[in-house]
Amino acid sequence: MRNSGRAMTLAPDQLVAALRWRYATKRFDSTRKIPAATWDALEEALILTPSSFGLQPWKFLVIGDPGVRANLATESWQQPQVTEASHFLVLTARTDLDASDIDSWMRCLTEVQGSSPDAVAPLKGMIEGFAQSMSHEARAAWNIRQAYIALGQLMAAAAVLEIDACPMEGISTAGYDQLLGLAGSGYATVVACALGYRAADDKYASLPKARFDRSRVIRHV
């Protein structure tokens with residue numbers, strides 16, 4: 001790594017190597033735990049995730065209780081990652097976007113940046129108009145897309161820190177919502193992610209990463 005003066009910077013080849021190293025881990029070493037400082041950095045990566053207008057329409061649930069994780073496994077087709085991984089994260093999104101959400105964000109923005117409500121009033125009006133132009137279903141779908149941005153940032157950060165991860169859509173989101181008591185909370189399960197260290201016998205760790213050629217997926221205009 002190079003020190004740019006403000007932060008430690010990965011060289012391009014180091015970044016690519018980290019992303020090539022990662023894979024969707026199927027079996028975790030249940031005896032290995034992510035150190036507290038490393039997990040704290042991954043939580044900070046979630047907090048720092050960008051979102052549309054900065055609204056952060058999500059909540060991230062870190063599931064540490066073994067009993068809860070065992071119950072969630074039943075809603076995940078008994079995939080072993082749920083219980084074997086060091087940490088298990090459920091990413092939820094707001095089921096709507098209303099005036100209280102926007103007001104909360106405006107208060108946070110003015111407090112952090114030392115601005116006045118009048119200064120952010122034009123931004124607030126623009127966000128309100130945008131939200132009101134969509135149906136309830138469209139707002140919920142928009143929030144879900146934001147949660148996937150957080151998932152991507154989390155997985156990239158984990159790869160750089162050499163933490164294995166497995167994003168999990170093979171779950172019953174309704175079952176998760178019931179087990180986690182999300183009914184009426186204003187949040188609903190979107191996707192989960194198991195994080196930890198790959199097991200020595202995970203056969204998928206050594207398989208070549210299959211990706212289409214660059215010319216097929218990237219077009220310069």
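The values are calculated or read from the model by the stated rules, or taken from the named source; none is laboratory data. Keep in mind that this is a model prediction, so the values were computed, not measured. Note: ideal-geometry Cβ built from the backbone for every residue, glycine included; neighbour counts use all protein chains shown.
The figures follow:
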| read-out | value |
| --- | --- |
| Helices (runs of 4 or more DSSP H) fully within region 27-92 counting 3 or more residues that are closer than 30 Å to Trp142 by Cα and at pLDDT 95 or above | 36-47, 66-74 |
| Complete set of residues in region 194-219 that are surrounded by 12 or more Cβ atoms within 10 Å (Cβ to Cβ) and part of a loop (DSSP other than H, G, I, E, B) | Tyr197, Ala199, Asp202 |
| Pair list, Cβ under 9 Å, 6 or more apart: region 31-49 residue in contact (Cβ under 8 Å) with a residue 24 or more places away in the chain and within 15 Å of Ala85 (Cα to Cα), other residue part of a helix (DSSP H, G or I) and of a type outside the set (A, V, I, L, M) | Lys33/Trp39 |
| Residues located in region 10-61, provided they are of a type in the set (Val, Ile, Thr), surrounded by 13 or more Cβ atoms within 10 Å (Cβ to Cβ) and out of contact with any helix residue (DSSP H, G or I) (no Cβ under 6 Å at 6 or more places or on another chain) | Thr25, Ile34, Thr38 |
| Criterion: under 30 Å from Pro35 (Cα atoms), surrounded by 19 or more Cβ atoms within 10 Å (Cβ to Cβ) and out of contact with any Cys (no Cβ under 9 Å at 6 or more places or on another chain) - qualifying residue of Leu72, Leu97, Leu91 | Leu72 |
| Number of positions in region 163-193 that are within 18 Å of Arg145 (Cα to Cα), assigned to a loop (DSSP other than H, G, I, E, B) and not small (Gly, Ala, Ser) | 2 |
| Selection count where residues are touching a helix residue (DSSP H, G or I) at 6+ places or on another chain (Cβ under 7 Å), closer than 30 Å to Met155 by Cα and not in a helix (DSSP H, G or I), scope region 93-133 | 5 |
| Meets criteria (among the polar types (S, T, N, Q) and under 11 Å from the mean Cα position of the chain (by Cα)) for Thr92 | yes |
| Where Arg107 falls short, out of the listed (1) under 23 Å from Val191 (Cβ atoms); (2) without any contact (Cβ under 8 Å) to a residue 12 or more places away in the chain | (1) |
